[in-house]
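A quick write-up on the structure given underneath.
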Amino acid sequence: MNGAAPPAIAVRRGGRQQRAAAGGAPRRVPIPAPAPMAAGRRAPPEPGGGPVLLQGVFGVGPSPGAASCSLVLTARELQVRRPGGSSGGSAGPDAALRLADCVSSAAFPAAAAAACFSLVCYPFRGPRWGSPARQRLERTFRVYGGPDAEGNLRIAQAWSRRIRELSVPAVPVQDGDSYGVLPRPCRALVLLNPQSGAGRALEDFQAVVQPMLAEADVAATVFVTERPHHAHEKVRDEDLSQWDTLVVMSGDGLLYEVVNGLMERPDWEEAMKKPLCILPGGSGNALAASINYYAGNDHVAKKKLLTNCTFILCKGLHTQMDLVSLSTASGKRLFSFLGFGWGFISDVDIDSEKYRWLGNARFTLGTLQCLAKLRVYQGRLSYLPLVPTAQGTPRDPPEPVTNGHIPLPAGTGAPGSLPPDSLLVPLGQPVPAHWTVVPEEEFVTVYAIYQSHLGTNLLMAPAARLRDGCIHLFYLKAGISRTALLRIFLAMARGAHLDLNCPYLCYVPVQAFRLEPRAAAGIMTVDGEALACEPVQGQVHGRLCRIVCGS
């Protein structure tokens, strides 16, 4: 690990998998050997770290003759104390390495019968200005308790093994929530679009992602897409048993392909149990920004966001995520993880495609251009409001009934069939009586979002969560001025747009919705991808897939 050369990328098109090898420059330092705490004994609690699990004295770094230090391992951190420092006192350690920040630990033999163990962490480091970012920190400690090389290595291995065990994320236990942790070693299929965003996805993967995955014992095989729908076809036909996770290194559009490719498989129910992961490589990166937000991290973008999301993948915690089923008048059925839009927001998204080389800045330019030619779209919007329970989670409303039976327009519930849209009636029929029909029929934009972020810099639904069973429906009525519209999007960068109390901006949490344009005018999008303008309706399906998450 120490001094190892960066691993090569394993490319699916005939490439090989390579992983970083541990290395170092072990040298001798005569210090006493540490030992685990005796069975049945509990050391006194250490400030901030909990009971002591291991403690001992080691050399700092692999070099012989280096200064020694006292190490104390607790369930939450590795405490480092200098000789003559605060050890034995209550002031705390000279340094503490949080195991929640640790992605790997390794033990290896050193020269002159010594041994070493090392750990790699990615703690947050705060700059003088701006948000803190995760930065790599590696520490190596040298064991030499005498000429017994095997004994020294056993001690190093015991510390390394215990550090790895304690670094695995604790699986939360909450009402009905299903969490898991990716295995180690982990096999990841990385689907990468080299043309996404500013065209740097492959370069960023090699520079940032691959070294971190190798450290975390994640063997990555990269599948580079060469055309539209390539990822869709790949995951639809792939033998998924050879992978522990499917990683998308691109914008949100490629994950949309992957989700719908998986849903076309005969074994879709089993396939959707395979944890998905998003690494930001596109322009908008809305889901990556949402995952970062749900983890409690500060807002970051570009390489900082990529590092944060890669760290989340290295830790390996995954949970369930809602999907929304969309049905169109032309008979299509699509599954969406991010949002459906019509009007201004979709215009900006698609019209700015020609500025893709600008990265996220393309949306700023696109917004200004669409403001200059602000349009109004006519149509009917209907929705089924969310029905919360006393615990704040949604429950099913009374089922809509047509001709004496519950309609299942997109599935029958038979094994292998897709989940039925039981809240919807066919598009040719009026919405059920317990739905709400918006009285206005002229809109600037309609957007149904199920994640917190619309883009890296747009916090549209701060209350959204991965599995809240909710579609966060926003619509802007006609009549809003360009200045007021711009003010809304500037406030959205902080998630404060609803605080403006703009009478033209409406928000309602729903379980299902229907949009019926009067004419095939305007652009529709699903997860950032263009869709033909036609009547469409959708409903949320709770916890239909799994996603690698930070908390």
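The values are calculated or read from the model by the stated rules, or taken from the named source; none is laboratory data. Predicted, not measured: the structure shown is a model, and the values here were computed from it. Ideal geometry is used to build each Cβ from the backbone, glycine not excepted, and the neighbour counts take in all protein chains shown. In case anyone asks, the SASA skips ligands and DNA or RNA and just uses the protein heavy atoms, side chains included. Shrake-Rupley method; radii C 1.70, N 1.55, O 1.52, S 1.80 Å.
With respect to the conditions (1) small (G, A, S); (2) open to solvent by 30 Å² or more (accessible area, probe 1.4 Å); (3) at pLDDT below 60, G411 falls short on a single one, namely (2).
Scanning region 196-214 for residues that are open to solvent by 30 Å² or more (accessible area, probe 1.4 Å) and either closer than 14 Å to C309 by Cα or in contact (Cβ under 8 Å) with a residue 60 or more places away in the chain (or both) yields A198, G199, R200, Q206, P211. Only one of these is open to solvent by 60 Å² or more (accessible area, probe 1.4 Å), modelled with pLDDT of 75 or more, in a strand (DSSP E or B) and not polar (S, T, N, Q): R375, R380. Name it. Within the list R375, R380, the selection yields R380. Checking the stated criteria, L323 turns out not to satisfy the condition of being touching a Pro at 6+ places or on another chain (Cβ under 8 Å), of a type outside the set (D, E, K, R), at pLDDT 95 or above and crowded, with 19+ Cβ neighbours inside 10 Å. Residue by residue through region 287-318, note down the ones that are more than 12 Å from the chain's Cα centre (by Cα) and not in a loop (DSSP other than H, G, I, E, B). Of everything in region 287-318, those that are more than 12 Å from the chain's Cα centre (by Cα) and not in a loop (DSSP other than H, G, I, E, B) turn out to be K302, K303, K304.
Among the residues of region 499-551, just one is open to solvent by 40 Å² or more (accessible area, probe 1.4 Å), among the polar types (S, T, N, Q) and touching a Pro at 6+ places or on another chain (Cβ under 9 Å), namely S551.
If you go through region 497-511 and keep only what is outside any helix (DSSP H, G or I) and over 13 Å from P385 (Cβ atoms), you end up with N501, C502, P503, Y504, L505.
The set of residues in region 33-67 being at pLDDT 50 or above, open to solvent by 40 Å² or more (accessible area, probe 1.4 Å) and either closer than 15 Å to A158 by Cα or not in a loop (DSSP other than H, G, I, E, B) (or both) consists of L53, Q55, V57, V60. Looking across region 159-206, the residues that are of a type in the set (D, E) and modelled with pLDDT of 90 or more come down to E165, E203, D204.
The residues of region 284-307 that are touching a strand residue (DSSP E or B) at 6+ places or on another chain (Cβ under 6 Å) and surrounded by 24 or more Cβ atoms within 10 Å (Cβ to Cβ), listed by number, are G284, A286, L287, A288, A289, S290, L306.
Tell me whether region 477-498 contains one or more residues that are surrounded by 19 or more Cβ atoms within 10 Å (Cβ to Cβ), among the β-branched types (V, I, T) and touching a residue at least 60 places away in the same chain (Cβ under 8 Å). No - not one qualifying residue is present in region 477-498.
Across region 424-452, the number of residues qualifying as open to solvent by less than 40 Å² (accessible area, probe 1.4 Å) and either over 25 Å from I480 (Cβ atoms) or assigned to a loop (DSSP other than H, G, I, E, B) (or both) comes to 10.
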